[in-house]
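A short write-up of the structure that comes next.
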Amino acid sequence: MPPQTPTVPCQYRTGKTLGSGTYAVVKEAVHIKTGEYYACKVINKKLMEGREHMVRNEIHVLKRVSKGYPNIVTLHDYFETAHNLYLVFDLCTGGELFDRICAKGNYYEADAADLVRTILKAVQYIHDAGIVHRDLKPENLLFRSKAEDSDIMIADFGLSRVMEEEKLRVLTEVCGTPGYMAPEIFLRTGHSKPVDIWAIGVITYFLLCGYTPFDRDTQQQEMQAIIDGDYKFEPAEYWAGVSQTAKDFVVDCLTHDPNQRPTAAQALQNKWLASDEPHFVPDPDSPTGGPMDLLPNLKKVFNARQTFRKAVLSTIAIRRFSNHGLPPAMSQLANEVSQYKQDAEKEHAFLTKEMAKTSLG
């Protein structure tokens, strides 16, 4: 029997698992010569057979934007062995967005505006580079370190696409994370960069109250609410401390017609982000008339974090929609995304089994 090709490249040593998705696991890795730590995305070749274009696309996208902007995760290296493909990224140790917020002593509307402004500037950068992200959500916004002034980073470009200007709105596949997907994705009328602005609107809504605008009891209801643009700033007590200016910004980003939705550059000119003076609702209990602390209400929602995570963690793997009572075109779409979910679950189980065989640390 010929010797088996080693599954871990000699220049890196992999360690603990940091996370897993439909097609890959992410492990901590250290470069043996330099001692530098990274996050290594390990992709099983057998699982990706016939889907190699997805990895090539992610590498292509990241080569265009890596090291070009401080708030975008950098691709440092990529290579393959007999069984796996490896993508080596920045190791972001500062945690996810809502974990960081929850750990703060207080949290004001100006903090949310600062986060949105930073994220939008990074989105403007990738859009100017001809790229649409297509999976912006809190779980893909990571802090580089635990330092107070740490950069927030946009991660996971696995669904991103390079879009030539003359070919805008040609993407028609259903992809993304339920709750953050724009209506044109569900309707398959063609989509492009405006889907990222819609996602920014959903993220902003979430940053201000702790839950998403289209949360519903079933996936069918959630999908229909997105298609209809059906959302409200309710319950009222969760929005009492949020300015009308912030709400207006959310409304602009959630413009139903993608042709009328603001670009990233235009959204950055919105007065909620562009004004020198912060917008806020004064705290009636504050002797100085300072802003209301949004953290108590957000923590109430964060206590139900597992429910929220269950609703949004499945990137690509869109959960089953009931097709009862839907028109024929929507029934077909519901059936397709249901099958998509089943296939993804099978692939994830296969990946877990294969990764156990390769013993990556």
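The values are calculated or read from the model by the stated rules, or taken from the named source; none is laboratory data. All of these numbers come straight from a predicted model, not from anything done at the bench. Because the Cβ atoms are built from the backbone with ideal geometry, glycine has one as well, and the counts that use them run over all protein chains shown.
Mind listing whichever residues of the range 126-140 are touching an Asp or Glu at 6+ places or on another chain (Cβ under 7 Å), in a loop (DSSP other than H, G, I, E, B) and of a type in the set (A, V, I, L, M)? Scanning the range 126-140 gives a single hit, L136. Inside the range 185-203, residues that are without any contact (Cβ under 8 Å) to a residue 24 or more places away in the chain and over 15 Å from L159 (Cβ atoms) make up a count of 2. Out of the residues in the range 119-149 that are among the charged types (D, E, K, R) and more than 12 Å from the chain's Cα centre (by Cα), state the one that is farthest from G94 (Cα to Cα). Ranking the candidates gives D128 first. In the same structural domain as K247 (by TED's automatic domain parsing), modelled with pLDDT of 90 or more, under 16 Å from V65 (Cβ atoms) and surrounded by fewer than 18 Cβ atoms within 10 Å (Cβ to Cβ), is that true of K146? Considered against the rule, which asks whether it is in the same structural domain as K247 (by TED's automatic domain parsing), modelled with pLDDT of 90 or more, under 16 Å from V65 (Cβ atoms) and surrounded by fewer than 18 Cβ atoms within 10 Å (Cβ to Cβ), K146 comes out as no.
Listed conditions (1) in contact (Cβ under 8 Å) with a residue 24 or more places away in the chain; (2) assigned to a strand (DSSP E or B); (3) surrounded by fewer than 20 Cβ atoms within 10 Å (Cβ to Cβ) are all met by Y78, apart from (1). For the range 107-140, a residue qualifies if it is at pLDDT below 95, in contact with a strand residue (DSSP E or B) (Cβ under 6 Å, 6 or more places away or on another chain) and closer than 15 Å to Y69 by Cα, and the qualifying residues are G130, I131. Can you tell me which residue is surrounded by the fewest Cβ atoms within 10 Å (Cβ to Cβ) among those in the range 194-217 that are charged (D, E, K, R) and more than 15 Å from D252 (Cα to Cα)? Checked the range 194-217; the qualifying residue surrounded by the fewest Cβ atoms within 10 Å (Cβ to Cβ) is D217. Checking each residue in the range 234-267 for being crowded, with 17+ Cβ neighbours inside 10 Å and more than 25 Å from G190 (Cβ to Cβ) picks out Y238, W239, G241, V242, S243, T245, A246, F249. When the range 274-303 is limited to residues that are closer than 20 Å to Y180 by Cβ and not aromatic (F, W, Y), the one that is modelled with the highest pLDDT turns out to be L298. The single condition from (1) surrounded by fewer than 23 Cβ atoms within 10 Å (Cβ to Cβ); (2) within 13 Å of the chain's Cα centre (by Cα); (3) modelled with pLDDT under 85 that I152 fails is (3).
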